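One structure is given below, encoded as structure tokens.
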Amino acid sequence: MKTLVFFFFSLGCFGATQQDETKGVSRTYVTEGEDAVLHCSSVESLENTVVDWKNQNKEVFLYDGGWHYENGLCCQDEQYMGRASLFYDELKNGNASLILNNTRIEDTGTYTCTLPHLSSGIQSSTVELIVGVSRTYVKEGEDVVLHCSSGDNQSLKDSLISWKNINGKELFLYELGHHTEDGWCCQDEQYRGRVSLFYDQLKNGNASMILRDTRIEDTGIYNCDLP
């Protein structure tokens, strides 16, 4: 089950990448889909040594004297494949910062950068990454599109698509051509007559929802569930 989360009519936002440090813990804030840079550095050159980034027990990125996950080194956690790298040309200057592309909600967590073979001994630093949900802002009375897709352009015409808010209210349910706009099951009264999909785009994997004539009480978190 794929779940996408949206804020709507939210009063605050993460905006661009932000960083702060509280009680010795570095924190990096990004909005889902943005790239994040998690900082780590040494006064020594790191070109010919080991840089190891982990999230708890998950192996995020390992660099070992020129070998790394982007040129064949084993055993990166699947969650980070194709999305993590270092600033390779800056390793000689002691920069071990991690680049994490296209961040996801599930990337939120505590990341540890370990430099185990420095002449001064083992060096370790911790960064807390916080990935905020995607947010959509409109004025009351406007229409809004909340985006959701299969990610691989796989057709959703024969699938089950469910849009709900965080309180479990059913906005829209689609299954095998039947949907709440034609009187089929279970739409919450708050959204009746105001919600639809782009039916002609389901074949391209587009499950985005149109919510018309928005109201202040529509503010909240919305989930798009796909198979």
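Looking only at the stretch 98-132, which residues are surrounded by 18 or more Cβ atoms within 10 Å (Cβ to Cβ) and closer than 18 Å to V30 by Cβ?
Result: L98, L100, T103, D107, Y111, C113, V127, L129, V131, G132.
Is it true that some residue in the stretch 118-137 is farther than 30 Å from E59 by Cβ and in a loop (DSSP other than H, G, I, E, B)?
yes
Take the stretch 158-187 and flag every residue that is more than 15 Å from G220 (Cα to Cα) and surrounded by 15 or more Cβ atoms within 10 Å (Cβ to Cβ).
S159, I161, S162, F172, L173, Y174, H179, T180, E181, Q187
From (1) surrounded by 13 or more Cβ atoms within 10 Å (Cβ to Cβ); (2) not assigned by TED's automatic domain parsing to the domain that holds L46, pick out the condition that doesn't hold for D200.
D200 satisfies all of (1) surrounded by 13 or more Cβ atoms within 10 Å (Cβ to Cβ); (2) not assigned by TED's automatic domain parsing to the domain that holds L46 except (1).
Name the residues in the stretch 81-94 that are touching a helix residue (DSSP H, G or I) at 6+ places or on another chain (Cβ under 8 Å) and closer than 22 Å to S125 by Cα, would you?
A84, S85
Evaluate the following for V144: is it buried (at least 17 other Cβ atoms within 10 Å of the Cβ) and over 30 Å from E217 (Cα atoms)?
On the way: buried (at least 17 other Cβ atoms within 10 Å of the Cβ): yes; over 30 Å from E217 (Cα atoms): no.
No: the conditions fail for V144.
Is there a residue in the stretch 55-77 that is assigned by TED's automatic domain parsing to the domain that holds L100, touching a residue at least 40 places away in the same chain (Cβ under 8 Å) and of a type in the set (F, W, Y)?
The answer is no, given that none of the residues of the stretch 55-77 is assigned by TED's automatic domain parsing to the domain that holds L100, touching a residue at least 40 places away in the same chain (Cβ under 8 Å) and of a type in the set (F, W, Y).
Restricting to the stretch 166-199, name every residue that is aliphatic (A, V, I, L, M) and more than 15 Å from R215 (Cβ to Cβ).
I166, L173, L176, L197
Looking at the structure I just gave you, is D158 of a type outside the set (K, R) and either in contact with a helix residue (DSSP H, G or I) (Cβ under 6 Å, 6 or more places away or on another chain) or in the same structural domain as T49 (by TED's automatic domain parsing) (or both)?
The answer is no for D158.
The values are calculated or read from the model by the stated rules, or taken from the named source; none is laboratory data. No experiment lies behind these values; they were computed from the predicted model shown. Every residue, glycine as well, gets a Cβ built from its backbone with ideal geometry; the counts of neighbours run over all protein chains shown.
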